[in-house]
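Here's the structure we're looking at; comments come further down.
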Amino acid sequence: MKQTINIAAFFFVLAIPFALSSQTRKAIPAGRYEALSGVKNSRSVKSTEAPAGERKDSTALFWNEVLNHMPENSQDLSYFSTGKMDEFSTNLLATKGLKTAKKLNEKTNIVFSDDLKRDREVLKGLKNKSSLVVLKDSQELKDVMATLGQFEVLLYQAEDQSNYFLLKLR
């Protein structure tokens, strides 16, 4: 009798960690994260594996979201690029009525950068609160926010080799 009580107690003691492990914290569903944080987060298909049409679709979706954040009734929309933009992006912005600015000034609506380390000082000198900054970098969101604390993240799109950020001055 004592032996069966010891065996039953032994199995009971072993069952306690399994019972407690089922009460772990559950993951936040994808749409709920956006609602809680206010940051739109999208993951696209790896750009090297995606057909050219799907890459254009994800780029078009990103740039359409950027244009949705532009102030209404804006005239003479322009963008300034400190790096090399892909041809699809420049054609898409041209069809939406944005002109290329030769230099960064107060009236520039969108600033595009493809290298955070190179353009850090240029972005720190940005004073126009209505301007949007589009950053294409290989760094993750937390690294970019640690570097550029004066910006608020409006949109974040992660891809295999580069991440797109839509930033606005606080």
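The values are calculated or read from the model by the stated rules, or taken from the named source; none is laboratory data. Here the structure is a predicted model, which means the values were calculated and not measured. Note that we place each Cβ from the backbone using ideal geometry, even for glycine, and neighbour counts take in every protein chain shown. SASA here: full protein model, heavy atoms, side chains in, ligands and nucleic acids out. Shrake-Rupley method; radii C 1.70, N 1.55, O 1.52, S 1.80 Å.
State all residues of segment 133-163 that are surrounded by fewer than 17 Cβ atoms within 10 Å (Cβ to Cβ) and touching a strand residue (DSSP E or B) at 6+ places or on another chain (Cβ under 6 Å); if no residue qualifies, say none. Across segment 133-163, the qualifying residues are LEU141, GLU152, ALA158, SER162.
The residue list LYS84, LYS127 contains one member that is more than 16 Å from LEU155 (Cβ to Cβ) and touching an Asp or Glu at 6+ places or on another chain (Cβ under 7 Å), which is LYS84. Scanning segment 82-132 for residues that are within 18 Å of GLU72 (Cα to Cα), open to solvent by less than 60 Å² (accessible area, probe 1.4 Å) and among the hydroxyl-bearing types (Ser, Thr, Tyr) returns THR108, SER130, SER131.
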